[in-house]
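Notes follow the structure.
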Amino acid sequence: MIYSGQAITVADIGNGIAELKFDLANESVNKFNRSTLGELMAAVQAIQSAPQVRGLVVSSGKSVFIVGADITEFGELFSHGEEEIVVWVKQANEAFVAFENLNIPKVAAINGIALGGGFEMCLACEYRVMSSAAKVGLPEVKLGLFPGFGGTVRLSRVIGVDNAVEWIATGAEKRPDAALKDGAVDAVVEPAKLRDAAIRMVEQAIAGKLDWAARRAEKKAPVQLNMMEQMMAFNTAMAVVLGKAGPNYPAPKIALQSMQNGASLDLDGALDLEAKGFAKAAVTPQAHALIGLFLADQAVKKASKAHEGKGAKTIAQAAVLGAGIMGGGIAYQSASKGTPIIMKDIRDEALDMGMAEASKHLGKLVEKGRMTPVEMGKVLSRIRPTLNYGDFAHVDIVIEAVVENPKVKTAVLSEVEGLVREDTILASNTSTISITRLAESLKRPENFVGMHFFNPVHMMPLVEVIRGAKSSDAAVAATVQLAQKMGKTPIVVNDCPGFLVNRVLFPYFGGFDMLVRDGADFQAVDKVMEKFGWPMGPAYLLDVVGIDTGVHAAGVMAEGFPDRMKPDYQSSTQVLFEAKRYGQKNGVGYYSYQPDKKGKPKKTVDPTTYDLIKPVVAERREFSAEEIIARLMLPMVNEVARCLEEGIVASPAEADMALIMGIGFPPFRGGACRYVDQMGVAQYVELCNKYAALGKAYEAPQLLQDMALANKKFFA
């Protein structure tokens, strides 16, 4: 053994070849933490002291190669300021440069995921062989960062400026065919042949059949483009990147500037610029928020594991009551992830609609080459449409997805409970109706939970798992497990009107209604909130959700929380509902809609909207962007705090992730709790006090007042 550590070993495997293997002790994956970086330098020094080593294979002892840097460890560094971050990045880079400078050919055997720092390790090698089951990429922009271990420098020289910009600015994970086409890897082989292929490539380099020294020299030199070619390449790329990223995501722009300024420099000079650019990105509020989201996602996964540990049974056979768009979406999601499902309805037309919904989604995958027609057929065969309860005695869970009416749901749930096994779980896909209330008619309320999918099911990642007053840990655990198996992120919440997501969304709509009542132009409000970062403004969102759906849900919220969600005026939304303007579903709401060339509804301004709502709104006047943002965001954020106070949601991390995944809260702001942290809790409470005259929804909850006095944050 040439070197042995807790993360890295180097062993002589004969014929002058050594194998440097990453295998981080007591971890399921390899990642670059402080100790691994230290061991990399020590391993390089050991190889330098082993004259028999004439070539090196870099491999992994785990199913992944290296997933990247340990952001839970390095994230703390980002609060220390740019200068300290630059020092740290340069120190980390010393290990990569020392490795690259080993005067022997080096081949990376990429067996699984190699992302971020993991792929930067591969780029420090002269050659890369990739398993057909692996993925590579530099996804740091998704954390508000960009590669800092030499990724921007080496990739530009390995695959060219145009390709490198696309890889880095999008942060996309690349499959083997794409990586090979771009020149990021030199060969793709079957997993079983990977190590042998890497060894053969080292042997060819040692024998002089591959000019590995020229490969290394190319990475150390400036980009092989003259100044005019560089300017054209980067200026074109900058326009495209800025158009896609927008002003709220600065990391891609900083990355491109670093790459452009370093293109005419050698490796050392370009790495120095990369370190400074990385530090500049790392201290932005966007990086702080996006890293926080990454950590929140880890917290949500940890919470799901904790729930699963409370007696989750395996769901082998599911059923959904109610076909149509929602039922068909649930059936598709279940079947596509491997769980067979019975789809029951009382009408053939509904079953046809449900199967058509599933077929539509699968057909698009076939069109994109992500699924074969044979595979599509197998998925569809896992969905069994039926008009009767014939096989319900064998199902493990029944997901009720009928009309949002408590009487109908109660009747359907009571009926099916008598036809299934005593341990079968019943779950209601309700968005507003109390789970505790629905359980009152059931004989086994401990087996009943809420399982709230968001529409469209195949696109929305969140599932709210709602615990009623009598729901058992085992029922919650099994539902969490099924949601994960279906490819969703489950967040467990306690029962209340609207649960978590809708409960906090409707105060936002309430703020919008009040603003329009007071003379704001709904189009101007939409533009401000879209610039704030929402995918669509509140008027447009109401049209997409359905104004009839919104009015129904608002009524539930008003009944549950009359002190702050029951308006004492007629809103513009209510007027449009009474005029049967329901939004996209019937072509007219706040806006009017016509199909575009692809058949999707295209929004246009409808002057008649202003005529309809004129009797219930004040004379038109302008509001500042700051006031519009405050009047919409304060009610929402305050309600999130109340949900934490009441234990509706267990943690700020889960609350933030639910808003990001459920209603499109701007990711670069990190969620409602991190939004307050970044503003400063005391400053946020002051803002609440400024608008408190508007009503209870604007008053800072006690939790926030206490935090402000104690100078506390949601996230340390």
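The values are calculated or read from the model by the stated rules, or taken from the named source; none is laboratory data. Since we're looking at a predicted model, the values are computed, not measured. Here Cβ is always computed from backbone atoms with ideal geometry, including for glycine, and neighbour counts include all displayed protein chains.
Give me the pairs, please: first residue somewhere in segment 637-664 and in contact (Cβ under 8 Å) with a residue 24 or more places away in the chain and closer than 24 Å to LEU542 by Cα, second residue anywhere and of a type in the set (D, E, K, R) and in a helix (DSSP H, G or I), beta-carbon distance under 7 Å, and either six or more positions apart or on two chains. Going by the 7 Å Cβ cut-off, the qualifying pairs are GLU639/ARG503; CYS643/ARG503; ASP656/ARG674; MET657/ASP297. Total residues in segment 499-529 satisfying the condition of being free of Cβ contacts under 8 Å to residues at least 60 places away in the same chain, closer than 25 Å to ALA641 by Cβ and surrounded by fewer than 24 Cβ atoms within 10 Å (Cβ to Cβ): the figure is 0. Annotation: of all residues in segment 607-660 being β-branched (Val, Ile, Thr) and more than 22 Å from PHE715 (Cβ to Cβ), the one that is surrounded by the most Cβ atoms within 10 Å (Cβ to Cβ) is ILE628. Screening the candidates ILE425, ILE383, ILE399, ILE433 for the property of being among the aliphatic types (A, V, I, L, M), surrounded by 13 or more Cβ atoms within 10 Å (Cβ to Cβ) and over 21 Å from ILE315 (Cα atoms) yields one hit, ILE433. If you go through segment 243-267 and pick out every residue that is without any contact (Cβ under 8 Å) to a residue 24 or more places away in the chain and closer than 21 Å to GLN91 by Cα, you end up with 0.
Annotation: ALA192 fulfils all but one of (1) surrounded by 16 or more Cβ atoms within 10 Å (Cβ to Cβ); (2) part of a helix (DSSP H, G or I); the unmet one is (1). List the residue pairs whose Cβ atoms are under 9 Å apart, where the first residue sits in segment 204-220 and is farther than 10 Å from PRO105 by Cα and in the same structural domain as ALA187 (by TED's automatic domain parsing), the second is part of a loop (DSSP other than H, G, I, E, B) and among the aliphatic types (A, V, I, L, M), and the two are 6 or more positions apart or on different chains. Once the first residue is farther than 10 Å from PRO105 by Cα and in the same structural domain as ALA187 (by TED's automatic domain parsing) and sits in segment 204-220, its partners that are part of a loop (DSSP other than H, G, I, E, B) and among the aliphatic types (A, V, I, L, M) give LYS219/ALA124. For first residues located in segment 222-242 and at positive phi, partners that are in a helix (DSSP H, G or I) and surrounded by 12 or more Cβ atoms within 10 Å (Cβ to Cβ) and lie 6+ apart or on another chain with Cβ distances below 7 Å do not occur.
Of all the listed residues (GLY75, GLY61), the sole one being surrounded by fewer than 22 Cβ atoms within 10 Å (Cβ to Cβ) and modelled with pLDDT of 95 or more is GLY61. Against the criterion of being more than 20 Å from PRO139 (Cα to Cα) and aromatic (Phe, Trp, Tyr), PHE74 does not qualify.
Which residue out of SER381, SER334, SER359 is of a type in the set (Ser, Thr, Tyr) and closer than 18 Å to LYS488 by Cβ? The conditions single out SER334. Restricting attention to segment 201-232, the residues being basic (Lys, Arg) and closer than 20 Å to ILE17 by Cα number 3. Screening the candidates GLN204, GLN257 for the property of being in a helix (DSSP H, G or I), polar (S, T, N, Q) and under 26 Å from SER60 (Cα atoms) yields one hit, GLN204.
Among residues of segment 558-581 that are closer than 20 Å to TYR691 by Cα, those with a Cβ under 8 angstrom from a residue that is part of a loop (DSSP other than H, G, I, E, B) and modelled with pLDDT of 95 or more, sequence gap 6+ or separate chain, pair up as ARG564/GLY695. If only residues of segment 530-552 that are crowded, with 21+ Cβ neighbours inside 10 Å, in contact (Cβ under 8 Å) with a residue 24 or more places away in the chain and not hydrophobic (A, V, I, L, M, F, W, C) are counted, the one that is farthest from SER592 (Cα to Cα) is GLY550. On the basis of being out of contact with any His (no Cβ under 8 Å at 6 or more places or on another chain), at negative phi and either of a type outside the set (D, E, K, R) or in a loop (DSSP other than H, G, I, E, B) (or both), does VAL493 make the cut? Considered against the rule, which asks whether it is out of contact with any His (no Cβ under 8 Å at 6 or more places or on another chain), at negative phi and either of a type outside the set (D, E, K, R) or in a loop (DSSP other than H, G, I, E, B) (or both), VAL493 comes out as yes. Evaluated against (1) in a loop (DSSP other than H, G, I, E, B); (2) surrounded by 14 or more Cβ atoms within 10 Å (Cβ to Cβ), THR9 falls short on exactly one condition, (1). Among the listed residues LEU24, LEU40, identify the single one that is assigned to a loop (DSSP other than H, G, I, E, B), surrounded by 14 or more Cβ atoms within 10 Å (Cβ to Cβ), in contact with a helix residue (DSSP H, G or I) (Cβ under 7 Å, 6 or more places away or on another chain) and of a type outside the set (S, T, N, Q). Selected residue: LEU24, the only one of LEU24, LEU40 that is assigned to a loop (DSSP other than H, G, I, E, B), surrounded by 14 or more Cβ atoms within 10 Å (Cβ to Cβ), in contact with a helix residue (DSSP H, G or I) (Cβ under 7 Å, 6 or more places away or on another chain) and of a type outside the set (S, T, N, Q). Looking at segment 147-186, the helices (runs of 4 or more DSSP H) lying wholly inside it that each contain 3 or more residues that are surrounded by 19 or more Cβ atoms within 10 Å (Cβ to Cβ) sit at 151-159, 161-170.
Of all positions in segment 225-235, none carries a residue that is among the charged types (D, E, K, R) and either surrounded by 15 or more Cβ atoms within 10 Å (Cβ to Cβ) or not assigned by TED's automatic domain parsing to the domain that holds TYR127 (or both). Evaluate the following for PHE294: is it under 15 Å from PHE74 (Cα atoms), in a helix (DSSP H, G or I), assigned by TED's automatic domain parsing to the domain that holds LEU145 and not hydroxyl-bearing (Ser, Thr, Tyr)? So PHE294 fails the test.
On inspection, GLU464 qualifies as closer than 30 Å to LEU644 by Cβ, surrounded by 15 or more Cβ atoms within 10 Å (Cβ to Cβ), of a type in the set (Asp, Glu) and at pLDDT 95 or above.
Among residues of segment 569-606 being among the hydroxyl-bearing types (Ser, Thr, Tyr) and surrounded by fewer than 17 Cβ atoms within 10 Å (Cβ to Cβ), the one that is nearest to ALA558 (Cα to Cα) is TYR569. Residues of segment 51-61 include at least one that is part of a loop (DSSP other than H, G, I, E, B), assigned by TED's automatic domain parsing to the domain that holds GLY150 and of a type in the set (D, E, K, R).
Condition check ((1) free of Cβ contacts under 8 Å to residues at least 60 places away in the same chain; (2) assigned by TED's automatic domain parsing to the domain that holds GLY338; (3) under 30 Å from LYS360 (Cβ atoms)) across all residues:
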| position | (1), (2), (3) |
| --- | --- |
| SER428 | yes, yes, yes |
| ALA439 | yes, yes, no |
| LYS443 | yes, yes, no |
| PHE448 | yes, yes, no |
| VAL457 | no, yes, yes |
| VAL476 | no, yes, no |
| LYS485 | no, yes, yes |
| PRO490 | no, yes, yes |
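Could you tell me whether any residue of segment 158-169 is in contact (Cβ under 8 Å) with a residue 12 or more places away in the chain and touching an Asp or Glu at 6+ places or on another chain (Cβ under 6 Å)? Yes, some residue in segment 158-169 is in contact (Cβ under 8 Å) with a residue 12 or more places away in the chain and touching an Asp or Glu at 6+ places or on another chain (Cβ under 6 Å).
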